[in-house]
Structures are given as C-alpha cells and as structure tokens.
Amino acid sequence: MILSEKQLGIHIDDSILDDLISTDGIIFDCDGVLIDITKSYDLAIDKTVQYVLENFSQIRNSIKIDSKIIDGFKSSGGFNDEVDLTYASILSLIAATKLKKDQHEFIFDVISNADSSGILSVEKYVEKLVDISDIKNKLAYPGTHQNNPLYKIFDQIFYGPELYLKLFKQHSQFSESGLIENDVVILDQLLIKQLKNKFTKKPSIVTGRGKESVKHSLKILLDEFDQKNSVFLEDEPRELAKPNPASLIRSIKGMNSKCCIYVGDSMEDFIMAKKATEQGCKVIFCGIIGTSKNPQEKLKLFENNGAMLVIESIHLLPKVLNLE
C-alpha cells in the first residue's frame, strides 16, 4: 500500500520502512536531482535540434522540443543521454517532413515505439517508414565527443566557449555563454549536514555527466561526496550508460554498502537500481518528481512500474529517513 503525505510530497510503500532504517549509504543521480536542468540541458536539446535541422536539412519550421517530448522519450528508459534524445528528435522531425506528416503527432508515434534500447528502437521504427540515410550519414552518431558533429554542436551550445575549450581542447564555433550557466543547484549544505547524521560514509554520485561538468555546477559542494566511488558516465565507455547497472554496482561495492538508497529522477535510474538489486546489491530506489514539468505524470510512471519511494525533492529525504 502506498502511504501518501500529499501535502509533503512523499509517497512511500510501508513495506520498505524497515529497509530504510537499515540503509548504510546513499548515492545520487545529478541532473533533475541535485541540479535542476530545465533551463540548461533541456534547452540545449531544443537549440541543437533546431540548429541541425536548419543547417543539415534546411528545415526551418520545426516544433519546439519541449518538456512533454523530453519526458516522453525518457519514460521509455533508453534516453538518459541528452544527445541520444537530441538525435532521436532530429530523426523524427526529418522523417515527419519527408512523410509530410504532422511533426508533433509523428514524434509521439516514435516515442510510443521507443524502448530501453534507445536510439536503436527509434532508428528501427523510422527506417521502416522512410529513408533517413542522408542525415544518419551526415551525423554519423554516436561517435566520440571530440569528433562527432552532433556531440560537438551539443557540447558547444551547452558548455560555452571557455568550458568547451577546457574540456575538449578545441575552439567552439559559437560565442554565446554556455547553457550550463543556467543550471540551478538544488543541493545545499544543510541537507549534507542532515545526511551526515544518518550515514557514516560520504554520499556518492552516479550520473550521466562528466566530472568537470558536475564540478562546474556544484563547485565546492562536490567535495562533500565520495568522488573515488562516484561514476561520471560521460567520462566512461558508452556501453556503461544507464540503465546498465555496472556503474551503480561499482559505486556500491566501493562504498562497501550492504543496503543503499539510489536517488534518481528517470526510468533509466529506476531500471538501473532494479538491475543492481537483481545482481545482488540491495538498492532502494528513491524517485524525484519535483523537477519535472508534470510531477503527477512522473509519479504515475514510477508507481505503475513498481517504485516504492517517490518524493518531490531531495530536501524531503531527512523526513523520509527520520532525521528531523
């Protein structure tokens, strides 16, 4: 039974209460959990899609890639990487144009046929309907951040000229400030202090971001985390991307945790935590819904898939863990 304290934004199944008491570690996702990315990463997806459509396919009247589309792709469990989502959106809108279909309707057709295999499921569905080999050849995605044209455009828009040069030792073709500067940090020192009252170990991070990107936004707050046992997946081989549980398992084992909480905001996070548990690591998934444009839809998605702990914000963790 789900016990809902709606006024507090806490939804918890009473069957996990004892397990919560016995947890000995906590691991966080970053985007949508520690940092609100609605005006940074989400905006970078739309700006990159519009740039590629105009400059690679001469399409100038395309729909905005809004939160509903982003959440739609992410709900499939295969789009933790924002550039994967960008690529899927580009393929969808080019296919819609070629097929003379309504872009909005068609992209949601694609979303309904997407699954946890991510861009492979999108390519498979779209290629049954229309030839998209021209844009696939131009983008040659995924490739590497240093050499792939789509990664380069996205990273230059997101990081901005100075940080892009620092990270990739290449100059950006864009002069505007990076959208990473729009990150809103949710984490604060008070929450860190409260978590220290529960856990003897420092919290860790398992995120799709690279370490320098996390450091740029969290600044000195990153020092509060166990960086040795954190995993920054942008710096790792692509095959480790969520929902592959290997990174989470590595973090759990490094922390020597017997029962940990993993705090995430996406289906990839939920699936990863579930797979880690199936492979012998006891993980309680805690879903975050407050940074979503539609928290009730996100709550429904988590609960329909069996999530037993969903909260509005990380700032409710002390109440869940009886630390107040």
Do we have K124 as surrounded by 13 or more Cβ atoms within 10 Å (Cβ to Cβ), of a type in the set (D, E, K, R) and farther than 26 Å from K211 by Cα here?
yes
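Could you pull out the residue among V126, V185, V122 that is more than 20 Å from the chain's Cα centre (by Cα) and among the β-branched types (V, I, T)? Spell out how you get there, then give the answer.
Values: V185 fails: more than 20 Å from the chain's Cα centre (by Cα); V122 fails: more than 20 Å from the chain's Cα centre (by Cα).
When all the criteria are applied, what remains is V126.
Yes/no matrix, rows are residues, columns are (1) within 27 Å of D183 (Cα to Cα); (2) among the acidic types (D, E); (3) in contact (Cβ under 8 Å) with a residue 40 or more places away in the chain; (4) not in a strand (DSSP E or B):
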site	(1), (2), (3), (4)
I27	yes, no, yes, no
I45	yes, no, yes, yes
V49	yes, no, yes, yes
K64	yes, no, no, yes
Candidate set from the range 63-84 (those that are more than 13 Å from the chain's Cα centre (by Cα) and among the β-branched types (V, I, T)); member that is surrounded by the fewest Cβ atoms within 10 Å (Cβ to Cβ)
I63
Can you find a residue in the range 245-255 that is under 30 Å from K68 (Cβ atoms) and surrounded by fewer than 18 Cβ atoms within 10 Å (Cβ to Cβ)?
no
Condition (residue is surrounded by fewer than 24 Cβ atoms within 10 Å (Cβ to Cβ), touching a residue at least 60 places away in the same chain (Cβ under 8 Å) and assigned to a loop (DSSP other than H, G, I, E, B)) applied to the range 1-8: is it met by at least one residue?
yes
First in the range 305-316 and closer than 17 Å to T291 by Cα, second anywhere and surrounded by fewer than 21 Cβ atoms within 10 Å (Cβ to Cβ) and among the small types (G, A, S), Cβ under 7 Å, 6 or more apart
I311/G9; E312/G9; E312/G290; S313/G9; S313/G290; L316/G9
Looking at I153 and the list (1) surrounded by 16 or more Cβ atoms within 10 Å (Cβ to Cβ); (2) assigned by TED's automatic domain parsing to the domain that holds C286; (3) modelled with pLDDT of 95 or more, which single condition is not satisfied?
(2)
Residue in the range 258-271 that is out of contact with any His (no Cβ under 7 Å at 6 or more places or on another chain), under 15 Å from G32 (Cα atoms), crowded, with 22+ Cβ neighbours inside 10 Å and β-branched (V, I, T) present
yes
Out of K300, K293, report the one residue that is without any contact (Cβ under 8 Å) to a residue 24 or more places away in the chain and not hydroxyl-bearing (S, T, Y).
K300
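The values are calculated or read from the model by the stated rules, or taken from the named source; none is laboratory data. This is a predicted model, so every value here is computed, not measured. Here the Cβ is made from the backbone with ideal geometry for all residues, glycine too, and neighbour counts use every protein chain on show.
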